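Okay, structure first, notes after.
The values are calculated or read from the model by the stated rules, or taken from the named source; none is laboratory data. Treat the numbers as computed from the prediction; the structure is a model and nothing was measured. Positions of Cβ are generated from backbone atoms using ideal geometry, with glycine treated the same way; all protein chains shown enter the neighbour counts. Heads up: the accessible areas ignore ligands, DNA and RNA and are worked out on the full protein's heavy atoms, side chains in. Shrake-Rupley method; radii C 1.70, N 1.55, O 1.52, S 1.80 Å.
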Amino acid sequence: MDRQPAMHILTDGIPGELLLVLTILIWAIFGMILGSNTKSRLNIWCFCSGMLFSVGALKEYLFYTLGPILVEKGIWTIRFSETLYSLLSAVFYYLSMPAVLIFCLYFHHLDQTHARLFRCLRLLVYLPALVLSIIFPCTQTIAFQHLPAFCLTVGIYNWCYGLIGTGVMFHALLEERMSAHFRQRRLAAASLLVPLWFWLVSAFPYHALGIPNFSKLWQINLIVVLFVLIYFLYHAFRDGIWGIRFRREIYDWNNGNRVLQKNAQYVGHALKNDLSKIEWCTDFLASQGTSAREVDILRRSAAHLKQFISRTQLYSEKITLLPEGCDIPELLHSLAEEFNVSAEKRGSVQIDTCDTEPLLCDPAHLEEVLRNLIVNGLDAAGKNGKVVLAYRNLSHKRGAVISVTDNGRGMDEETIKQIFEPYYTTKTGGENLGLGLYYCWNVMSAHGGSIRASSQPGQGSTFSLLFPVKRKKRRTGDGTSPNHSGRG
C-alpha cells in the first residue's frame, strides 16, 4: 500500500470512521459466537479467527485516520505509527489463516478422531508463519508491501490455507450430511466461509498480481459483514445458529437439564412401582389360563420398560448405547402385532417396504423411539386412522431410513420447528410431558443420525429415522437441546 495523506486515502475508499464500524461489527459477531459457548474449542477458535481478521480493518483505521490526528497532537510519532502498522499487518497476513485452519480441524472433530495427529498439525500450521516472519520481519511489512515477491508470497500463503480449510469443512459436512447436527453445521460453515473468501479474493490478488485501482476493494467487506450480521440474527431468532437462539425467554441449558433429570427421577420411581404390580398381575393371569399371546405382550412390555428405565432417566440424561445387529423387519412386525391387538386399539399399524439387511443400532432405544412415534401417529390419525412403518437400507448412500407415516391431522411448519424441544406438546389435558420426541431426537443424535419430520396440515405426517451405516465409532449422545441441531 502507498503511504499517502489520510484525506487522499479516504477519497479512494470508505471514510475512516466506517473502518472502525467494520471492526466493531466483526467483534460483535464473533463475540456472540464465543458467548454462546465459552467452553467450546470450536467457538473459541472461531472467535480467535474473527479477531485476527478484524486487525485488517483496524490497522487501516489506526494508520490512516486516527494516526495522523495523534501524530499532530504529539501523542505518538510517525515512526511509532509505521511500526504499529507493520506489526498489525504481520498479525493479519501471517496469523489469521492458521487460526482459521485450526478452527476447521476442530470443525472436522479431528481433535477427537485423531488426537495425536491433531496435536501435531496444531503446531505445524504456524511453521510457515514463523518462516515468513524471519524472511520478512514483522516490523518492516509496511515497506515490504511495495515488493512483488512479498505480495505474491503472502497471497499464495493465505490462499493455500483458505483452500485447505475450506476442503476440510466441506469434507466434514459431506460425512455428516445425515447427522442431526447437519443443518446447524451448514449454517455455521456458510456464516464463516462467505466473508472469509470475499476477504481472500478482495484483499490479496491485487497486490500479488499488480492489478491497479483495486487497493480499496477489500473495504466492501463492510457490506459483507453487515449481511453476515443480518444472516446471523435472522437464524438466531428462528432455529438458532452457533448455539445461540433468541426467544422471549432466556434458555439456561444446564439448569434446564437438571430440571429434566429431577422430573425423570420422580416419574421413573413411580413407573417402577407400578411395573411391579403389572408383573404380579401378569403372573396371576397366566396361572388362570388367560391367552398366552396377551400375557406375553404384557410381559414383554413390562420387561422393556424396566430395562429402559434402568438405562436412561426417562429421556433426560445421557443416552448410553449398546449397539448390535438388529433385525428391523422382526421388530416392526412385533410392534405392529402388539398395537393391533391392543385393547385400546385406535387404528391400524401396517408394514410397507421392509428391507432385510440388519441395522447396527441399540434395539432397546430404537424400540422405545418407534413406540413414541406410533402412539403419536395413532393419536393424530384417530379411531379409523392408519400408521405405516417402512425400512429401507440405502447402501448406495451409506445410510438407512426407518419411516413412520400416519394419515392424521398433520402439522404446520412452525409446529414442526418446535416438536423436538423438551416440554413442547400439542396434546391437551395436561397428561403429556412433551418429552417423547425430545427423547427420540437424543437417541438418533447418539446414533450419529437424525430424525426428520415432514407434514402438511390435514395431510398426515412422516417421521424419518436416518441412520448412518458403515461408520466409525460415534460419540455418546449428550442430551444437548435440539435447538442446537438441524431438523429437516
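Give me the pairs, please: first residue somewhere in region 68-89 and part of a helix (DSSP H, G or I), second residue anywhere and modelled with pLDDT under 90 and of a type in the set (Asp, Glu), beta-carbon distance under 8 Å, and either six or more positions apart or on two chains.
Within 8 Å, no pair qualifies.
Looking at region 402-422, which of the residues that are in a helix (DSSP H, G or I) and not β-branched (Val, Ile, Thr) is least open to solvent (accessible area, probe 1.4 Å)? Give the derivation first.
Within region 402-422, the first condition is being in a helix (DSSP H, G or I), and the residues that meet it are 413-416.
So of that shortlist, the ones also not β-branched (Val, Ile, Thr) come out as 413-414.
Values: Glu413: 121, Glu414: 102 Å².
Among residues in region 402-422 that are in a helix (DSSP H, G or I) and not β-branched (Val, Ile, Thr), the one least open to solvent (accessible area, probe 1.4 Å) is Glu414.
When only residues in region 28-57 that are surrounded by fewer than 22 Cβ atoms within 10 Å (Cβ to Cβ) and more than 23 Å from the chain's Cα centre (by Cα) count, which is farthest from Ala236 (Cα to Cα)?
Only one residue tops the list, namely Val55.
When only residues in region 98-141 that are among the β-branched types (Val, Ile, Thr), at pLDDT 90 or above and not in a loop (DSSP other than H, G, I, E, B) count, which is most open to solvent (accessible area, probe 1.4 Å)?
So in region 98-141, the residues among the β-branched types (Val, Ile, Thr) come out as 100, 102, 113, 125, 131, 134-135, 139, 141.
Within this subset, residues satisfying the condition of being at pLDDT 90 or above are 100, 102, 125, 131, 134-135, 139, 141.
Filter once more, keeping what is not in a loop (DSSP other than H, G, I, E, B): 100, 102, 131, 134-135, 139, 141.
Values: Val100: 6, Ile102: 1, Val131: 71, Ile134: 121, Ile135: 101, Thr139: 75, Thr141: 0 Å².
Out of the qualifying residues, it is Ile134.
Does any residue of region 186-198 turn out to be among the charged types (D, E, K, R), within 30 Å of Tyr424 (Cα to Cα), part of a helix (DSSP H, G or I) and at pLDDT 75 or above?
Our first condition is that a residue be among the charged types (D, E, K, R); within region 186-198, this holds for 186.
If we keep only those that are within 30 Å of Tyr424 (Cα to Cα) as well, we get 186.
Remaining after also requiring part of a helix (DSSP H, G or I): 186.
Checking the rest, the ones that are also at pLDDT 75 or above come to 186.
Yes, there is a match, as at least one residue in region 186-198 is among the charged types (D, E, K, R), within 30 Å of Tyr424 (Cα to Cα), part of a helix (DSSP H, G or I) and at pLDDT 75 or above.
Check Arg79 against each of (1) loosely packed, with under 12 Cβ neighbours inside 10 Å; (2) within 21 Å of Arg41 (Cα to Cα); (3) of a type outside the set (A, V, I, L, M) and name the one condition it does not meet.
(2)
Just checking, which of Leu389, Leu378, Leu373 is open to solvent by less than 10 Å² (accessible area, probe 1.4 Å), in contact with a helix residue (DSSP H, G or I) (Cβ under 8 Å, 6 or more places away or on another chain), modelled with pLDDT of 90 or more and farther than 24 Å from Arg183 by Cβ? Full working, then the answer.
Numbers: Leu378 fails: modelled with pLDDT of 90 or more; Leu373 fails: farther than 24 Å from Arg183 by Cβ.
It is Leu389.
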